[in-house]
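Participant: Dropping the structure in here first, questions after.
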Amino acid sequence: MIEVEGLTRYYGAKKAISDVTFQVKKGEILGLLGPNAAGKTTTMRILTCFMPPTSGKATVGGYDIFENSIDVRRITGYLPENPPLYMDMTTRDYLEFVARIKETPKDKLISEVDSVVEKAAIGDVQNRIIGKLSKGYKQRVGLAQSLLNNPQIVILDEPTVGLDPKQIIEIRDLIRNLKGDHTVILSSHILPEIEQTCERVVIINQGKVVAQDTPEELTRKLKGGEKVILQIEGSSEDIKKALKGIKGIDKMDIEKVKQGVSKIIIESDKDLRKDLAQKVVNSGLGLLELTVDKFTLEDIFLELTTKEEEVA
Amino acid sequence: MEATLAIFNKEFKSFFYSPIAYLILAFFTVLTGLFFYLNLSGFVEASMMEMMRAQQYRMAPRPMNVNLMLIRPYFWNIALIALFTLPAITMRLYSEEKRLGTVELLYTVPITPTQIISGKFLAGLALFIVMLIPTMIFHAFLFLYGEPEFMPILSGYIGLILLGSAFIAVGLFISTTTENQIIAAIGGLAVSLILWLIGWGASYVGPTLAPVLEYVSIITHYEDFSQGIIDTGHLIYYILFTFTGLYFALKMIESVKWRA
């Protein structure tokens, strides 16, 4: 449904996103996960034809975002990070206005507005001035706006930011209900939100895609893959020889900490602590440290996203 | 067309959501009313003087031309007041969208920048025409008590609407350049004022530049309309001027959108 290939965008000399590539299948909910200023909004703005990429290609529903921009906009509903609301209009007037500029046929205008009012559960505020609504209601009016005309594709930029927990749950339920009928791209810097609502995650950091998979798969890879960190006194050849016989090691990294001491990081989906300790001690090596590092998606997210910040 | 109409509708209504439109309407009506009173008083005084003079010399009083002595200067006054009030209408036309972030909505729905700009321009023009209604009532009083010619009044209004279009197009363009309404208002006023005053400079420059300045000036073309003459040259000037302003506004939003 959505194909993104090598999108790059500069703001002046600053690179906002670089070579972003991913696909979204029809009816899928995709989460764009990344810290602030990672390039999520930029990617979404490009897909909604708000602005063009510096280079790269993207098609939405088979339409090229550059060549057939109007067609793309016809089948896409977009909720920007700050909901685009006219503060002095009533909710109803606002939705009718948006429906009109979204080319809703005149005879379907009322029913279309009614249906999104119902979907977003804003019936009780439809005659109130938007500027006077609470943040949660404003967000829902923004969401209602993006669902007008039943778009095939819905793009939501941080839809739950600034809401209280109850409102967050309501918005998430609403988004989950879009599954199947709509293809949804959702951005967030909150991991649990993505885990709960999305079927696939694209993690973006500093403008680059660093990982993409299902949340379960990502979590399994990391959670299941328990890491054991050892510090051992002895030469690396001896250590390798000593650990060779242990079954179930998926991956092993050896780093030299200082002369004669090495740090070994072992990934495995089994608990190898006992075997490891035994083998090391039996080979006459000095076991200085043994710790277990459990990974969750949050950890990889944190790792993926904080590592480079330290460098920068 | 439907989209243009939707934008027009929304803009025109939103003038009245805020107190600004009421304030502008009140300001414009009070000032044009005041000027009407002053011009009328001047005219009445001149008539009295003529009566007295006629009595003194024992001859029939000369007829006083209400079109020439009252309506013509009054149209100039309306134009001057419009110069100062129109920037207050145009200031929010586009800058408000930028400030609220609603440009993100406008650029991601299937409408073109041309539809956005034309809807907004027409809304501004419609409000200006609404503002002119009280002055039409003032003119109606003249028909009650005198016999002014109708056609010069009509041409005067055509001139005013054309002049207003030009000011609104300029103001709308300035409004697309900023998200700050105050800057948009001051900028719109400054540019309109410069375009107005540039004609005065014509007397002080050489013979080659003078006609150029006179042609560019927004107000030299208004003179004929206020006198009851509709000259195609002047008509074309205002239409061209308006389209140029709107074209710049269009390019401005397109360039903001596509700036890499």
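Any read-out appearing in this document is the output of simple, stated calculations on the displayed coordinates, not a laboratory observation. Source: prediction; values computed, not measured. Quick reminder, even Gly has a Cβ in these numbers, built from the backbone with ideal geometry, and neighbours come from all protein chains shown.
Participant: Just to confirm a number: summing +1 for Lys and Arg and -1 for Asp and Glu over residues other than B:Gln56 whose beta-carbon lies under 15 angstrom from that of B:Gln56, what do you get?
Facilitator: +2
Participant: Any chance you could give the angle, 0 to 90 degrees and rounded to 10, that helix A:273-282 forms with the longest Cα principal axis of chain A?
Facilitator: Result, in degrees: 20.
Participant: Something else about it: Under a no-solvent Debye model with one identical scatterer per Cα of chain B, what's log10 I(q)/I(0) at q = 0.08, 0.12, 0.13 Å⁻¹?
Facilitator: Those come out to -0.38, -0.77, -0.88, one per q.
Participant: Hey, with R₀ at 22 Å, roughly what FRET efficiency would A:Ser134 and A:Lys179 work out to, going by the Cβ-Cβ distance, to 0.05?
Facilitator: On the way: r = 27 Å, r/R0 = 1.22.
Using R0 = 22 Å, I get an efficiency of 0.25.
Participant: Now for a separate question. What whole number of Å gives the distance from the Cα centroid of segment B:225-252 to the Cα centroid of segment A:235-290?
Facilitator: 84 Å
Participant: Pull up the DSSP beta bridges for the protein assembly as shown and report the antiparallel fraction as a percent, rounded to 5.
Facilitator: So the antiparallel bridges amount to about 70 percent of the total.
Participant: Next question. Which of the lysines could a cross-linker bridge to A:Lys251, judged by Cα under 28 Å and excluding same-chain residues fewer than eight apart?
Facilitator: A:Lys208, A:Lys221, A:Lys223, A:Lys227, A:Lys240, A:Lys241, A:Lys263, A:Lys270, A:Lys274, A:Lys279, A:Lys294, A:Lys307
Participant: Still on this structure, I have one more. Give the separation of the Cα centroids, segment A:29-101 to segment A:1-20, in Å.
Facilitator: If we compute the Cα centre of each part, the gap is 15 Å.
Participant: If you take each beta carbon of peptide A:93-105 and count the beta carbons of other chains within 10 angstrom, what is the mean?
Facilitator: Across the residues of A:93-105, the mean count of other-chain Cβ atoms within 10 Å is 5.
Participant: May I ask for the distance between the Cα centers of segment A:128-189 and segment B:141-193, given as a whole number of Å?
Facilitator: Comparing the Cα centres of segment A:128-189 and segment B:141-193, I get a distance of 43 Å.
Participant: Compute the Kirkwood hydrodynamic radius of segment A:226-294, taking the inverse of the mean of 1/r over all pairs of distinct Cα atoms, and give it in Å to one decimal.
Facilitator: 11.7 Å
Participant: Please give the helix A:215-224 orientation as an angle from the longest Cα principal axis of chain A, in degrees from 0 to 90, rounded to the nearest 10.
Facilitator: Taking Cα atoms only, the helix is inclined about 20 degrees.
Participant: Relative to the longest principal axis of chain A, what angle (0 to 90°, nearest 10) does the C-alpha long axis of helix A:297-311 take?
Facilitator: Approximately 80 degrees, to the nearest ten.
Participant: Between A:Ser235 and B:Ile229, how many nm apart are label points set 7 Å from Cα along the C-beta direction?
Facilitator: Computed distance between label sites A:Ser235 and B:Ile229 equals 10.9 nm.
Participant: Also, I was wondering about something else. Using the beta-carbon distance between B:Phe16 and A:Val292 and R0 = 56 Å, what value does 1/(1 + (r/R0)^6) give for FRET efficiency, to the nearest 0.05?
Facilitator: Taking R0 as 56 Å, the efficiency between B:Phe16 and A:Val292 is 0.25.
Participant: Show me the ranking of peptides B:14-21, A:283-290 by mean Cβ neighbours inside 10 Å, starting with the highest.
Facilitator: Descending packing order for the listed peptides: B:14-21, A:283-290.
Participant: Also, I was wondering about something else. Whose amide H sits under 5 Å from the amide H of A:Val209, counting only residues 5 or more places off or on another chain, with H placed in the peptide plane?
Facilitator: Hits under the 5 Å cutoff: A:Thr21.
Participant: Check every DSSP H run in chain B and write down those whose alpha carbon atoms cover 27 angstrom or more along the long axis and whose mean Kyte-Doolittle hydropathy is 0.0 or greater.
Facilitator: B:19-56, B:72-100, B:113-145, B:150-176, B:181-201, B:232-258
Participant: If you don't mind, there's one more thing I want to ask. In peptide A:80-87, what is the residue-averaged number of other protein chain Cβ atoms found within 10 Å of each Cβ?
Facilitator: Details: counts 6, 2, 4, 5, 11, 4, 9, 5.
Average neighbour count from other chains, rounded to a whole number: 6.
Participant: Now for a separate question. Modelling each spin label as a point 7 Å along the Cα-to-Cβ direction, I'd like the A:Asp107/A:Asn68 distance in nm, to one decimal.
Facilitator: Using points 7 Å along Cα→Cβ, the separation is 2.8 nm.
Participant: Quick one: the Cα spread of segment A:125-251 along its three principal axes, in angstroms, biggest first?
Facilitator: 77, 28, 27
Participant: Let's see if you can work this out: charge +1 on each Lys and Arg Cβ, -1 on each Asp and Glu Cβ, no other charges. What is the dipole magnitude of segment A:226-294 about its Cα centre, in debye to the nearest 20? Walk me through the intermediate numbers first.
Facilitator: Details: 14 positive and 13 negative charges, 28 e Å.
The calculation lands at about 140 debye.
Participant: So for chain B, taking the charge dipole from beta-carbon charges (+1 Lys/Arg, -1 Asp/Glu), which of B:Val170, B:Phe143, B:Leu23 sits furthest toward the positive end?
Facilitator: The Cα lying farthest towards the positive end belongs to B:Leu23.
Participant: With charges only on Cβ, +1 for K and R and -1 for D and E, what is the dipole size of segment A:2-215 about its Cα centre, in debye, rounded to 20?
Facilitator: Value, rounded to 20: 360 debye.
Participant: Report the rotationally averaged projected area of segment B:80-126 based on its alpha-carbon convex hull, in square nanometres.
Facilitator: Averaged projected area of segment B:80-126's Cα convex hull equals 3.6 nm².
Participant: Quick check: pseudo-label points 7 Å beyond the Cα along Cα→Cβ at A:Ile169 and B:Trp200, how many nm apart are they?
Facilitator: Label-label distance for A:Ile169 and B:Trp200, simple model: 7.0 nm.
Participant: What three numbers, in Å, describe the spread of the alpha carbons of segment A:2-215 along their principal axes, ordered from the longest?
Facilitator: 45, 38, 34
Participant: What size of dipole, in debye to the nearest 20, comes out for segment A:142-290 about its Cα centre when the only charges are +1 on Lys and Arg C-beta atoms and -1 on Asp and Glu C-beta atoms? Don't skip to the answer; put the middle values down first.
Facilitator: Values: 22 positive and 24 negative charges, 148 e Å.
The dipole of segment A:142-290 has a size of about 720 debye.
Participant: For Cα pairs less than 8 Å apart in space and 6+ apart in sequence, what is the mean separation divided by the residue count of segment A:1-148, i.e. the relative contact order in percent?
Facilitator: Value for segment A:1-148: 21 percent.
Participant: Taking all pairs of different Cα atoms in the protein assembly as shown, averaging 1/r and flipping that mean, what Kirkwood radius in angstroms comes out? Walk me through the intermediate numbers first.
Facilitator: Values: mean 1/r = 0.0347 Å⁻¹.
Here the Kirkwood hydrodynamic radius works out to 28.8 Å.
Participant: Would you please give the FRET efficiency between B:Arg99 and A:Lys14, computed as 1/(1 + (r/R0)^6) with r the Cβ-Cβ distance and R0 = 30 Å, to the nearest 0.05?
Facilitator: Calculated transfer efficiency: 0.80.
Participant: Dividing the alpha-carbon Rg of segment B:1-156 by 2.2 N^0.38 Å yields what?
Facilitator: 1.44
Participant: Of all GluC sites (Glu not before Pro) in segment A:97-128, which ones are in loop regions per DSSP and have a Cβ with at most 11 other Cβ atoms within 10 Å?
Facilitator: none
Participant: Using helices alone, what [θ] at 222 nm do you get for the protein assembly as shown, with -39,500 (n - 2.57) per DSSP H run of 4 or more residues, divided over all residues and rounded to the nearest 500?
Facilitator: Result for the protein assembly as shown, helices only: -18500 deg cm²/dmol.
Participant: Sticking with this one: Given the pairs A:Lys40/A:Lys132; A:Lys14/B:Lys13; A:Lys57/B:Lys98; A:Lys132/A:Lys166; A:Lys15/A:Lys132, which span a C-alpha to C-alpha distance of over 31 angstrom in this model? Walk me through the intermediate numbers first.
Facilitator: Values: A:Lys40/A:Lys132 29 Å; A:Lys14/B:Lys13 41 Å; A:Lys57/B:Lys98 28 Å; A:Lys132/A:Lys166 20 Å; A:Lys15/A:Lys132 38 Å.
In this structure, A:Lys14/B:Lys13; A:Lys15/A:Lys132 lie more than 31 Å apart at Cα.
Participant: What does the net charge come to around A:Pro80 if you take all other residues with beta carbon closer than 10 Å to its beta carbon, with K and R at +1 and D and E at -1?
Facilitator: On the way: positive: A:Arg45; negative: A:Glu81, A:Asp157, A:Glu158, B:Glu104.
So the surrounding residues net to -3.
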